[in-house]
Amino acid sequence: MLNIILLSIAEIFGDFKLKSFARYKKSGDLFSGVIGYIGVIFFLIKSLEQNNVLYVNGLWDGLSAIIESFAAYYILGERLNNNKQYFGLVFIIIGIILFNIGKAPK
């Protein structure tokens with residue numbers, strides 16, 4: 001689980017830096033974004049050493065959506081269009097809780 005959390009954080013870091021590069025064309029942001037995605041590859045490999053693809057992908061997608069959404073909200077000041085979209089995030093949280101019931105598959 002820790003590797004999947006670190007995988008999500010590396011992805012978020014890469015996404016934020018690449019967004020900044022896309023908008024402001026700072027080469028340091030491009031370099032940082034690429035480093036973030038190297039981290040994604042590293043932690044994806046570590047995650048797959050411990051669990052199967054179905055489990056890693058589902059948990060990664062859910063955790064990434066939650067963590068990146070909160071970071072975008074609080075750090076970047078981004079907002080969704082309506083309350084139904086925020087309610088969708090609640091379903092993702094519920095899904096991750098259900099996903100973690102029982103033993104993780106190898």
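FYI, it's all coordinate maths here, none of it is from the lab. Predicted model, so just to flag it, every value in this text is computed and none were measured. Positions of Cβ are backbone-derived with ideal geometry, glycine not excepted, and every protein chain shown enters the neighbour counts.
Before moving on, here are some points about what is shown:
- Loop GluC sites (Glu not before Pro), the stretch 14-90, which have at most 13 other Cβ atoms in a 10 Å radius of their Cβ (DSSP): GLU78
- Estimated 222 nm signal from helices in the chain, with DSSP H stretches of n ≥ 4 weighted -39500 (n - 2.57), rounded to 500: -28000 deg cm²/dmol
- Percent of Cα-Cα distances greater than 18 Å, calculated over the chain: 54 percent
- Lys pairs under 28 Å by Cα in the stretch 2-99, provided they are eight or more residues apart or on distinct chains: 5
- With a Förster radius of 41 Å applied to the beta-carbon distance between ALA71 and LYS103, the computed FRET efficiency rounds to 0.85.
- Size of charge dipole - the stretch 19-106 - debye, nearest 20, with Cβ of Lys, Arg +1 and Asp, Glu -1, no other charges: 120 debye
- Coil-residue trypsin sites (Lys or Arg not before Pro) of the stretch 1-53, DSSP, other Cβ within 10 Å capped at 10: LYS25
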